[in-house]
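Before any comments, here is the structure.
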Amino acid sequence: MRYMLMMHAPRGKAGDYQVSNWAPDDLKAHIGFMHSLNTDLTQAGELVDAQGLASPGEARVVRVGKNSAPAVTDGPFAESKEFLAGFWIVDVDRTERAYEIAARVSSAPGPGGKPLVIPVEVRQVMSAPPVDA
Amino acid sequence: MRSPGAVPAANLGHLLRDLAPQVLSVVARRHGDFAAAEDAVQEALIAASTQWPADGIPNNPKGWLYQVAVRRLTDQVRSELARRRREDAVASEVWADWAFVPAADAEVHTDEDDTLVLLFMCCHPALTPASAIALTLRAVGGLTTGEIAKAFLVPEATMAQRISRAKQSIKASNVPFTMPTDAERAERLGAVRHVLYLIFNEGYTSSAGPALNRPDLSNEAIRLTRMLHALLPADGETTGLLALMLLTDARRAARTGPSGELIPLDEQDRSLWERGLIDEGVALVTATLPTSPIGPYQLQAAIAAVHDEATRAEDTDWRQIVAIYGVLMGLEDNPMVALNHAIAVAMVDGPAAGLALLSTLDADERVAGHYRLDAVRGHLYRMAGERDRAAAHFRAAAERTASAPERDYLTAKAAQLATGERT
C-alpha cells in the first residue's frame, strides 16, 4: 500500500518561511533529522519518493486563460493558514506503519530542538484494481 | 569454445533467468551462507550479461556462471581467513574446501530439489510478503534489483534494501539450506504458491496503461509457476495455481479499454481472449481435479474455466459456478468467496436470492463496510430494477475503493443509473 504524507507548515506573521529565521544549529538539527528519516525509510525498503517544496512566496496559481494560455496569479490562496512544505510517498505493509512514519515526521525538531508537532496529512495513493473473479 | 555471432538480448535474458536458480542452489549448498551465495550469483549474472553479448555464449554457460560465482566467494573466504589467521591459527579446515575453484567447463550437477529448497527459502513465512516477493524474483527469477525496482515503481536503493533485509531475516532465523521436514513441507509449499500468486496479481492488475520498460510480472510468475509445476507435477494445488494464472491471463487484453478503463467480464470482447492459454489452463485443471485432493486454487481455476469456456456472457454456466463456490466455501472461511457466491446465486435464482445472502455478510467485520459489498449490492439492485438504491451503493463503493480505475468504473455505473440511461 502506498501513502502520501503531506507536511503542512503554518504560515507565520513574520513571513512564510520561518525556518530561515531559526538559529543555525536548530536548522542543522532539523535538516539532519529529515536526512536520517529518509535514510531509515530507504533502508526499510519503504521510501518511494520524498521532496521538499520551495517557499510559498514563490508559488503561483495557474488557470487556463484566453486561447488556452496559462493565466498566472500570485499564490497560494492568501487566506490559507497553512501551506504544503513537503511530501513523502511510502510503500508500506499496513496503514498503521504509515501513521508511525507520519508521527515521526511530525516530531521534527524546531527552534531550541523542541518537536514542531507539524500536522501531517496521510492519504492513500490509488492503486490498481484487484484481480477479477 | 564460444558460439559465434551476436546473441539477441531477449534470448540471453531468458537463458540467464533459467540458469539463475540452478547455479544459486549449487553455490548456496556448497557455501552454506545463502545471503553471500546470492550476492555472488547476482554478480556472476551481471558479468555474463555484459560479457556474453560481445564474446558469445560459452559452451557451458552454467559452468561459467558457477565458476565466476565461486571465484567471487573464494576471494571473500580468502580475505576472511587472512583476517582470522592474524587472530588465531585455526582455519585450515575451511580453507581446504575453498582452495579449489572449478573450471569454467566443469559439469555442474544441479539437483532439481535444490531449486525447490531455494523457493522454500525465499518464500519463508518469516518474511513479509513484499520481502518474499522481491527475494524470489531476484534469487529464483534471476531478475536484477533494477528490474524489480522498475516493476514495482520504487527507487532501486529502496528495492536493494528490501532484498538485503529479507536476506538478513533469513540469516537471523538460521533456516538451513535443506529440504523442510515432511510435516513442514505442505505449509511451506503453501507459502511458495501464495508468493507466486501475489507476483502474478501485481503484474496482472497493473498491466493497464503505460508499462514502458516494466518487466512483465505476470509472465514472470507464470514462468516460475511452470517451473514449480515441472518439479511437482503431481501436486494438485500447484497445477491448479498454474491453471488459474493461465485462465486469468488469457483475458488480459480484453480486461481494459484504450485509456486503462476497466471492462467487466460480461462486457469484454471475448474474441480478444487468448485461446491457447485457455486450452492449456482447461486441460490442466481437468486433469488434476479428479486425481488430486481438492484445494482452493484448483476450484478457482475451475470457476475461471467455466467463464472462459462461455462464448458469450449469457452462455455462462452459472449453476456450475454456484456449485463450485459452494465447495470452496466449505474449504475456507473467506467472506470474499461468499460475496462471489452471492453474485453467482443471483445469476441463477434472481437478485433477491443474492441480496438475501449478502445480508448475512453485514455481521462479518472482515467485509462489513468493504467497498466490494456495496459494489455487489449495486449490481444486484440494478438487476432488480431498483435504480436509486443501486446508484447509492455504487456511489458508496466508488468513495471507498483505493483503485482509480475501479473508482471510475463504479462512478460511471452510478451516473448511468442516475441519468436514467437504459443499460
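Is it fair to say B:Tyr381 is modelled with pLDDT under 95, farther than 30 Å from B:Asp279 by Cα and of a type in the set (Phe, Trp, Tyr)? Steps first, please.
Numbers: modelled with pLDDT under 95: no; farther than 30 Å from B:Asp279 by Cα: yes; of a type in the set (Phe, Trp, Tyr): yes.
No, not satisfied.
Considering only segment A:19-34, I want to know if a residue exists there that is assigned to a strand (DSSP E or B), away from every other protein chain (no Cβ under 14 Å) and modelled with pLDDT of 85 or more.
So the first thing to find is which residues in segment A:19-34 are assigned to a strand (DSSP E or B), and the list is none.
Looking for residues that are assigned to a strand (DSSP E or B), away from every other protein chain (no Cβ under 14 Å) and modelled with pLDDT of 85 or more, one finds none in segment A:19-34, hence no.
Considering only residues that are of a type in the set (Ser, Thr, Tyr) and at pLDDT below 95, look in segment B:249-289 and name the one that is farthest from the chain's Cα centre (by Cα). I'd like the intermediate steps shown before the answer.
Restricting attention to segment B:249-289, the residues satisfying the condition of being of a type in the set (Ser, Thr, Tyr) are B:256, B:259, B:271, B:286, B:288.
Next, from what is left, pick out any that are at pLDDT below 95: B:256, B:259.
Numbers: B:Thr256: 20, B:Ser259: 25 Å.
That would be B:Ser259.
So the check is Cβ under 7 Å with 6+ separation or different chains; which pairs have a first residue in segment B:337-352 that's under 10 Å from B:Arg319 (Cβ atoms) and assigned by TED's automatic domain parsing to the domain that holds B:Gly385 and a second one that's surrounded by 21 or more Cβ atoms within 10 Å (Cβ to Cβ) and hydrophobic (A, V, I, L, M, F, W, C)?
Going by the 7 Å Cβ cut-off, the qualifying pairs are B:Ala344/B:Ile321.
Suppose we filter segment B:245-269 for residues that are assigned to a helix (DSSP H, G or I) and either more than 13 Å from every other protein chain (Cβ to nearest Cβ) or under 12 Å from B:Arg226 (Cα atoms) (or both); how many remain? Walk me through it before giving the result.
First, the residues of segment B:245-269 that are assigned to a helix (DSSP H, G or I): B:245-249, B:252-255, B:265-267.
Of the ones still in play, those that are also either more than 13 Å from every other protein chain (Cβ to nearest Cβ) or under 12 Å from B:Arg226 (Cα atoms) (or both) are B:245-246, B:253.
Of the residues in segment B:245-269, 3 are assigned to a helix (DSSP H, G or I) and either more than 13 Å from every other protein chain (Cβ to nearest Cβ) or under 12 Å from B:Arg226 (Cα atoms) (or both).
Return the residue satisfying two criteria in turn: it lies in segment A:114-125 and is more than 14 Å from chain B (Cβ to nearest Cβ) and surrounded by 12 or more Cβ atoms within 10 Å (Cβ to Cβ), and of such residues it is farthest from A:Trp22 (Cα to Cα). Show your work before the answer.
Our first condition is that a residue be more than 14 Å from chain B (Cβ to nearest Cβ); within segment A:114-125, this holds for A:114-121.
Of the ones still in play, those that are also surrounded by 12 or more Cβ atoms within 10 Å (Cβ to Cβ) are A:116, A:118-121.
On the way: A:Leu116: 13, A:Ile118: 16, A:Pro119: 20, A:Val120: 21, A:Glu121: 24 Å.
Only one residue fits best here, namely A:Glu121.
In segment B:375-420, which residues are touching a Ser or Thr at 6+ places or on another chain (Cβ under 6 Å) and within 14 Å of chain A (Cβ to nearest Cβ)? Outline the logic, then answer.
First, the residues of segment B:375-420 that are touching a Ser or Thr at 6+ places or on another chain (Cβ under 6 Å): B:398, B:402-403, B:407, B:416.
Answer for segment B:375-420, where residues must be touching a Ser or Thr at 6+ places or on another chain (Cβ under 6 Å) and within 14 Å of chain A (Cβ to nearest Cβ): B:Ala398, B:Ala402, B:Ser403, B:Arg407.
In segment A:28-75, which residues are buried (at least 17 other Cβ atoms within 10 Å of the Cβ) and either of a type in the set (D, E, K, R) or in contact with a Leu (Cβ under 9 Å, 6 or more places away or on another chain) (or both)?
Once the filter is applied, which keeps residues that are buried (at least 17 other Cβ atoms within 10 Å of the Cβ) and either of a type in the set (D, E, K, R) or in contact with a Leu (Cβ under 9 Å, 6 or more places away or on another chain) (or both), segment A:28-75 yields A:His30, A:Leu41, A:Glu46, A:Leu47, A:Val48, A:Ala50, A:Pro56.
Can you find, within segment B:127-160, the residue that is surrounded by the most Cβ atoms within 10 Å (Cβ to Cβ) among those that are within 14 Å of chain A (Cβ to nearest Cβ) and not in a helix (DSSP H, G or I)? Reasoning before the result, please.
Step one: filter segment B:127-160 for residues within 14 Å of chain A (Cβ to nearest Cβ), giving B:127-135, B:137-138, B:145, B:148-160.
From what's left, not in a helix (DSSP H, G or I): B:127-128, B:153-155.
Values: B:Leu127: 23, B:Thr128: 16, B:Leu153: 13, B:Val154: 25, B:Pro155: 13.
So the residue we want is B:Val154.
Mind listing whichever residues of segment B:368-423 are within 17 Å of B:Glu261 (Cα to Cα) and of a type in the set (S, T, N, Q)?
B:Thr401, B:Ser403, B:Thr411, B:Gln416
Any idea which of B:Ala368, B:Ala352, B:Ala363, B:Ala392 is under 28 Å from B:Ala323 (Cβ atoms) and at pLDDT 95 or above? First the steps, then the outcome.
On the way: B:Ala368 fails: at pLDDT 95 or above; B:Ala363 fails: at pLDDT 95 or above; B:Ala392 fails: under 28 Å from B:Ala323 (Cβ atoms).
Exactly one residue qualifies, and that residue is B:Ala352.
Would you check if B:Ala47 is in contact with a helix residue (DSSP H, G or I) (Cβ under 8 Å, 6 or more places away or on another chain), buried (at least 19 other Cβ atoms within 10 Å of the Cβ) and either modelled with pLDDT under 90 or not in a loop (DSSP other than H, G, I, E, B) (or both)? Working first, answer last.
On the way: in contact with a helix residue (DSSP H, G or I) (Cβ under 8 Å, 6 or more places away or on another chain): yes; buried (at least 19 other Cβ atoms within 10 Å of the Cβ): no; either modelled with pLDDT under 90 or not in a loop (DSSP other than H, G, I, E, B) (or both): yes.
Answer is no for this residue.
Taking B:Ala28, is it under 18 Å from B:Asp113 (Cα atoms), touching a Gly at 6+ places or on another chain (Cβ under 6 Å) and either at pLDDT 90 or above or surrounded by 16 or more Cβ atoms within 10 Å (Cβ to Cβ) (or both)?
On the way: under 18 Å from B:Asp113 (Cα atoms): yes; touching a Gly at 6+ places or on another chain (Cβ under 6 Å): no; either at pLDDT 90 or above or surrounded by 16 or more Cβ atoms within 10 Å (Cβ to Cβ) (or both): yes.
No: the conditions fail for B:Ala28.
Looking only at residues that are among the β-branched types (Val, Ile, Thr) and touching a Pro at 6+ places or on another chain (Cβ under 9 Å) in segment B:132-189, which one is nearest to B:Met121 (Cα to Cα)? So that I can check it myself, show each step before the final result.
So the first thing to find is which residues in segment B:132-189 are among the β-branched types (Val, Ile, Thr), and the list is B:133, B:136, B:140, B:144-145, B:148, B:154, B:158, B:163, B:170, B:175, B:178, B:181.
Of the ones still in play, those that are also touching a Pro at 6+ places or on another chain (Cβ under 9 Å) are B:140, B:148.
Values: B:Val140: 10, B:Ile148: 19 Å.
Residue satisfying both the conditions and the ranking: B:Val140.
Residues in segment B:172-186: is at least one closer than 23 Å to A:Thr42 by Cα, of a type in the set (A, V, I, L, M) and either more than 14 Å from the chain's Cα centre (by Cα) or more than 14 Å from every other protein chain (Cβ to nearest Cβ) (or both)?
Yes, the conditions are met somewhere in segment B:172-186.
The values are calculated or read from the model by the stated rules, or taken from the named source; none is laboratory data. Keep in mind it's a predicted model, so treat the numbers as computed, not measured. With ideal geometry, Cβ positions are generated from the backbone for all residues, glycine too; neighbour counts draw on all protein chains shown.
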